1. Nearest 500 deg cm²/dmol is fine: what mean residue ellipticity at 222 nm does the chain get from its DSSP H runs of n ≥ 4 alone, each adding -39,500 (n - 2.57), divided by its residue count?
2. Give me the dipole magnitude in Debye, nearest 20, for the chain about the Cα centre, with unit charges on the beta carbon: positive for Lys and Arg, negative for Asp and Glu.
3. May I ask for the distance between the Cα centers of region 299-334 and region 90-167, given as a whole number of Å?
4. Can you give me the C-alpha center-to-center distance between region 183-219 and region 225-280, rounded to a whole angstrom?
5. Taking a ≥ b ≥ c as the square roots of the Cα gyration tensor eigenvalues, with a/c under 1.5 meaning rounded and otherwise prolate when a/b beats b/c, else oblate, which class fits the chain?
6. Answer with one residue from F56, V167, W261: the one whose Cα lies farthest towards the positive end of the charge dipole of the chain, charges on Cβ with Lys, Arg +1 and Asp, Glu -1.
7. Assuming a ≥ b ≥ c are the square roots of the Cα gyration tensor eigenvalues, decide whether region 217-334 counts as rounded (a/c under 1.5), prolate (otherwise, with a/b larger than b/c) or oblate.
8. Out of the trypsin sites (Lys or Arg not before Pro) in region 213-316, which ones are loop residues according to DSSP with at most 12 other C-beta atoms within 10 Å?
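Just so it is clear, none of the values below were taken in a lab; they were calculated from the coordinates. Because the structure is predicted, anything quoted here is derived from the model rather than measured. Neighbour counts are summed over all protein chains in view; Cβ atoms, including those assigned to glycine, are modelled from backbone coordinates with ideal geometry.
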Amino acid sequence: MYMDRISHKVGYVSDHRISHMDTDVLRHDETGVSNDLYNFLQVFFTEHPQLVRNDFFITGESYAGHYIPASASRIHTGNKNNEGIPIKLTGIAIGNGFTNPEIQYGAYGDYALEVKLISQSDHESLNQVYVNCQSSIRKCNIDGGLACASAYNVCIKIPYYIQAENVDMNPYDVRKKCGELMCDDNSNLETFLNQDKVRKALGVGDNTFVSCNETVHQAMIEDWMINLEVKIPTLIEDGINLLVYAGEYDFLCNWLGNSRWVEQMNWSGQKEFGTAKTVPFMVDGKEAGVMKNHGHLTFLKVSDAGHMVPMDQPKASLQMLQTWMQGKLNKLLK
């Protein structure tokens with residue numbers, strides 16, 4: 001099942017309604033997004049009861065680092081409270097995700113220095129900016145609302161500065177050149193989804209699909225700096241598997257920031273995960289990454305990949321997901 005990011009209430013974007021910021025159409029936080037997904041799944045499984053017995057996995061990348069923990073938590077809560085049809089949530093996978101802003105914004109300067117995007121003096125300057133960024137994120141997660149919009153405006157200066165120093169850098173893969181907002185051509189996707197027969201099959205009327213809508217983005221600004229990592233410990237403690245994977249050359253949601261929040265996450269297996277050995281992830285006899293595991297948590301750094309790991313390393317990605325969903329990925333670490 002493929003779900004478009006659902007900060008918009010219906011997935012497809014009606015240009016007229018979006019341009020007028022219809023509050024009935026837009027979502028502004030993960031509570032609204034996760035409730036929409038949960039309600040959709042209840043309808044889906046009502047229509048397809050034969051699928052209820054199947055294991056259910058949620059996977060995604062980038063801002064999925066926000067909406068996957070929120071949605072998984074909503075499903076898990078619904079199951080425990082007997083709210084509707086039980087959903088057999090078995091695992092969640094987040095690729096180059098944005099999950100814990102406080103930790104991940106702190107990693108921007110370190111990652112940029114490591115891959116030689118900035119100088120040591122730039123790094124020291126960014127560390128000073130991060131002091132204000134960190135305090136503003138903490139205030140956001142206490143006060144919410146406008147404090148979160150303010151935190152966004154403070155913290156975004158960090159990646160913006162690094163990108164300004166590397167104007168032709170592809171932020172999704174630092175090995176490549178770009179300079180555009182969307183470095184990958186999504187025109188085929190838009191063309192496909194906007195065909196009349198496809199819209200009819202999906203039941204979306206005459207609404208138009210767009211890959212990137214700034215109004216929808218702005219509607220979620222106050223959600224940006226919220227820490228969604230806090231939703232995860234309960235999930236893994238209750239036996240739901242978590243795979244966090246990251247391509248090594250992504251700048252925006254880099255592997256360093258992701259590895260740090262995974263390492264620092266407060267759960268019963270934190271110490272054991274921290275001391276677990278890192279082993280190669282092998283595909284066709286060749287190293288395709290490195291990984292570590294404890295209990296229901298696995299982290300995998302994917303070699304020769306940027307933000308879109310399945311696009312850069314399709315074979316490794318397929319093997320990763322298949323072995324993980326079959327419960328075999330952690331056995332490779334034994």
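1. Using -39500 (n - 2.57) per qualifying helix, the result is -13500 deg cm²/dmol.
2. 1060
3. Taking the Cα centre of each part, region 299-334 and region 90-167 sit 26 Å apart.
4. 32
5. In terms of gyration-tensor shape, rounded.
6. The listed residue farthest towards the positive side: F56.
7. Oblate is the answer for region 217-334, as a/c is 1.5 or above yet b/c matches or exceeds a/b.
8. When the trypsin sites (Lys or Arg not before Pro) of region 213-316 are filtered for loop state and at most 12 Cβ neighbours within 10 Å, K277 remain.
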